[in-house]
Ligand code: FES
């Protein structure tokens, strides 16, 4: 079993119970980042937890994730360094900036990808 160090950066305008600024945790390669964070008491935002709704979106600042379990994730998301931590498994040590739902919605709308402009 391989575990990676995941550094979670919480922006100032976002409230995450259990995290103040930056937190670091170990996440097994088979675990989703969101579930591991919540198990460690860091209550990251989420809704569907299936890689569909984009509520949990985060910016990948450093590292690599396996996003293959997400129900809706696009190459354009990956190219923009946007990930869905609810269905992201670490493939290296990571640094992520959470609370990027708005950025993800803007990005998806700009690329004509679901949910499109209806949410903007
Ligand atoms: S919680 Fe819905 S996509 Fe992650």
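Here are the numbers for the structure shown:
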| item | result |
| --- | --- |
| Within the chain, percent of DSSP bridges classed antiparallel, to nearest 5 | 80 percent |
| Order by protection proxy (mean Cβ within 10 Å, highest first), peptides 79-86, 29-36 | 79-86, 29-36 |
| Debye-sum result for segment 54-120 in log10 I(q)/I(0), which assumes one identical scatterer on each alpha carbon, at q = 0.23 Å⁻¹ | -0.95 |
| Sorted by Cβ density within 10 Å, fewest first, the residues 22, 5, 54 | 22, 5, 54 |
| Order of 10, 2 - criterion: other Cβ atoms within 10 Å of each residue's Cβ, fewest first | 2, 10 |
| Rh (Kirkwood; distinct C-alpha pairs) - the chain, Å | 14.0 Å |
| Stokes-Einstein D for segment 3-67, Kirkwood Rh over Cα pairs, 25 °C, 0.890 mPa s (µm²/s) | 198 µm²/s |
| Segment 3-119, relative contact order in percent, only Cα pairs under 8 angstrom and at least six apart counted | 30 percent |
| Most to least packed among 105-114, 91-100 [average Cβ atoms within 10 Å] | 91-100, 105-114 |
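Coordinate-derived values only; no laboratory data. Just so you know, these numbers come straight off a predicted model, no measurement behind them. Please note: Cβ atoms are built from the backbone with ideal geometry, for glycine as well, and neighbour counts cover all protein chains shown.
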